[in-house]
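The values are calculated or read from the model by the stated rules, or taken from the named source; none is laboratory data. All of these numbers come straight from a predicted model, not from anything done at the bench. Neighbour counts are summed over all protein chains in view; Cβ atoms, including those assigned to glycine, are modelled from backbone coordinates with ideal geometry. Keep in mind that these areas ignore ligands, DNA and RNA; they rest on the heavy atoms of the full protein, side chains included. Shrake-Rupley method; radii C 1.70, N 1.55, O 1.52, S 1.80 Å.
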Amino acid sequence: MIDEGYRTVEPVEQWLEAHRHLWSPNTVRAYAIALAQWWTFLEQRGETGCWGEVGVPAVTGFLSWLRNGRTVEHALVVLDEAPSPETLEARLAALISFYRWQAAVFDVAVSSRLLRATPRRAPARGLLAHLDARTPLAPSSLVRVRRGRHRDRPPLLLPTEIQAILDGCAVIGADGGDWRGNLRDRFLFALLAETGMRLGEALGLRIADFTLGRGGTAYVDVVPREDNPNGARVKMMRPRRIYVGADLERLFGDYLSYLAGRSADLGLPLSSDSLLLVNVSRPPWLAALREGTVRDKTEALQRKGIGPTGWTPHWFRHSHATALLLAGTPEWVVSRRLGHAHVQTTLDLYGWVREDEALKAAANWTAYASTWRACDER
């Protein structure tokens, strides 16, 4: 990262270098954006020289500056396109992470001014305490982001929209024989829809991570790895197993047969340790599929009018959780399937879905989720 004089910002570069191989590329990129904005804010204030001496007033000023379009700290009118509370919370989290690391490594004392001390007594544990995988109590931020009364609801795709996306990638030919279109893309989006995986988790899968049922139930193992050539990472490096239905198992078989054929045609090796999602239609052949390629495919489908405006691969995850909950699956099963660290995260994000009558009536969610075999995870 460079400053307005095109000089390297050493404190930020040190933090980035320390975390580049610990966190997922997306997380590091998001935090780098937040720290770049923080440094620009300090430059406008003329305070870059005292970056290690700031306190709560500067951080609250930074959030106001972001809220007002990165121009002024105080405004009488709120912008129509002001950053969401979630975006501001992410920027604040990046800033606190940066200063906590600076305190631990270089004794920069800013974090002690921004954090409230750890509570002396832990709160009472609830009925679901045995499912709590969160870390012990830690100091909390003295700076908070103002929220509205209702949390924004995650966007989702209806079953008909998901089917349109899958068919926009590939369909069985009219003669009922071979697939027409890009079978890899159909398999990727079907995998996201049925498992609720994050895109980074899917892009890091090896062929051996998908286990066929052979009379039982097929499943996919989400395995944390640090050597994925596309930089894909499992969030929090937490492994889990996701059971899947016969439809996705058959699609995996079709895709694997196609992948083996491409490997033979190209004269390139393919083994159980090979990446599952790879380049099949352009060089570098059989190289790891990257997030940018998936984003390009998503945008191409949107240009054809397929799917709602602005949809992203992460919407499949929200749709998966919604469908399971509306089909009557217990919250703790959904939480474990999604890989949430705590069931409360699932409730915070999706606790509203069972009370939304319009959403309930929008589709037959029970029939849609009936083949997913989530019951095998209970």
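Values computed for the structure shown
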{"item": "Contacts under 9 angstrom Cβ, first residue in the range 349-360 being closer than 16 Å to Arg317 by Cβ, partner among the hydroxyl-bearing types (Ser, Thr, Tyr), 6 or more apart", "result": "Tyr350/Thr322; Val353/Thr322"}
{"item": "Filtered residue count, the range 193-232, keeping only those that are in a helix (DSSP H, G or I), within 17 Å of Ala288 (Cα to Cα) and not β-branched (Val, Ile, Thr)", "result": "7"}
{"item": "Odd one out for Met236, checked against (1) in a loop (DSSP other than H, G, I, E, B); (2) loosely packed, with under 15 Cβ neighbours inside 10 Å; (3) touching a residue at least 60 places away in the same chain (Cβ under 8 Å)", "result": "(1)"}
{"item": "Count of the range 263-284 residues which are in contact (Cβ under 8 Å) with a residue 12 or more places away in the chain and either part of a loop (DSSP other than H, G, I, E, B) or more than 26 Å from Arg225 (Cα to Cα) (or both)", "result": "12"}
{"item": "Restricting the range 174-191 to residues that are surrounded by fewer than 21 Cβ atoms within 10 Å (Cβ to Cβ) and among the aliphatic types (A, V, I, L, M), the residue that is farthest from Thr293 (Cα to Cα)", "result": "Ala174"}
{"item": "Residue, surrounded by the fewest Cβ atoms within 10 Å (Cβ to Cβ), within the range 310-350, restricted to residues that are under 19 Å from the mean Cα position of the chain (by Cα) and in a loop (DSSP other than H, G, I, E, B)", "result": "Gly310"}
{"item": "Subset of the range 211-229 (residues that are open to solvent by 10 Å² or more (accessible area, probe 1.4 Å) and closer than 28 Å to Trp23 by Cβ)", "result": "Tyr219, Asp221, Val223, Pro224, Arg225, Glu226, Asp227, Asn228, Pro229"}
{"item": "Tabulated pairs, the range 194-214, first over 22 Å from Tyr368 (Cβ atoms), second open to solvent by 10 Å² or more (accessible area, probe 1.4 Å) and of a type in the set (Asp, Glu), C-beta under 7 angstrom, 6+ apart or interchain", "result": "Leu203/Glu291; Arg206/Asp273; Ala208/Asp273; Asp209/Asp221; Leu212/Glu249"}
{"item": "Residue match in the range 19-32 (condition: open to solvent by less than 40 Å² (accessible area, probe 1.4 Å), of a type in the set (Gly, Ala, Ser) and under 27 Å from the mean Cα position of the chain (by Cα))", "result": "yes"}
{"item": "Test for Leu203: is it under 22 Å from Ser335 (Cβ atoms), modelled with pLDDT of 95 or more, crowded, with 19+ Cβ neighbours inside 10 Å and in contact with a helix residue (DSSP H, G or I) (Cβ under 9 Å, 6 or more places away or on another chain)", "result": "no"}
{"item": "Residues located in the range 162-173, provided they are among the charged types (D, E, K, R) and open to solvent by less than 50 Å² (accessible area, probe 1.4 Å)", "result": "none"}
{"item": "Test set (1) at pLDDT 95 or above; (2) in contact with a Leu (Cβ under 9 Å, 6 or more places away or on another chain) - Asp273 fails condition number", "result": "(2)"}
{"item": "Some residue of the range 42-65 being surrounded by 15 or more Cβ atoms within 10 Å (Cβ to Cβ), closer than 30 Å to Arg198 by Cα, touching a Phe, Trp or Tyr at 6+ places or on another chain (Cβ under 8 Å) and not β-branched (Val, Ile, Thr)", "result": "no"}
{"item": "Conditions (1) in contact with a helix residue (DSSP H, G or I) (Cβ under 6 Å, 6 or more places away or on another chain); (2) at pLDDT 90 or above: number failed by Leu88", "result": "(2)"}
{"item": "Filter result for Arg241 (surrounded by fewer than 17 Cβ atoms within 10 Å (Cβ to Cβ) and within 25 Å of the chain's Cα centre (by Cα))", "result": "yes"}
{"item": "Candidate set: the range 11-26, residues that are part of a helix (DSSP H, G or I) and modelled with pLDDT under 85; chosen: the one farthest from Glu226 (Cα to Cα)", "result": "Asn26"}
{"item": "The range 93-108 residues that are part of a helix (DSSP H, G or I), paired with ones that are buried (at least 18 other Cβ atoms within 10 Å of the Cβ) and β-branched (Val, Ile, Thr) (beta carbon under 6 Å, 6 or more apart)", "result": "Tyr99/Val110; Gln102/Val108"}
{"item": "One residue from Leu137, Leu156 being surrounded by 13 or more Cβ atoms within 10 Å (Cβ to Cβ), modelled with pLDDT under 95, out of contact with any Cys (no Cβ under 8 Å at 6 or more places or on another chain) and under 22 Å from Val343 (Cβ atoms)", "result": "Leu156"}
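The rows are residues; the columns are (1) surrounded by 10 or more Cβ atoms within 10 Å (Cβ to Cβ); (2) of a type in the set (Ser, Thr, Tyr).
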| position | (1), (2) |
| --- | --- |
| Gly267 | no, no |
| Leu270 | yes, no |
| Leu276 | yes, no |
| Val280 | yes, no |
| Leu286 | yes, no |
| Thr293 | yes, yes |
| Lys297 | yes, no |
| Ala300 | yes, no |
| Arg303 | no, no |
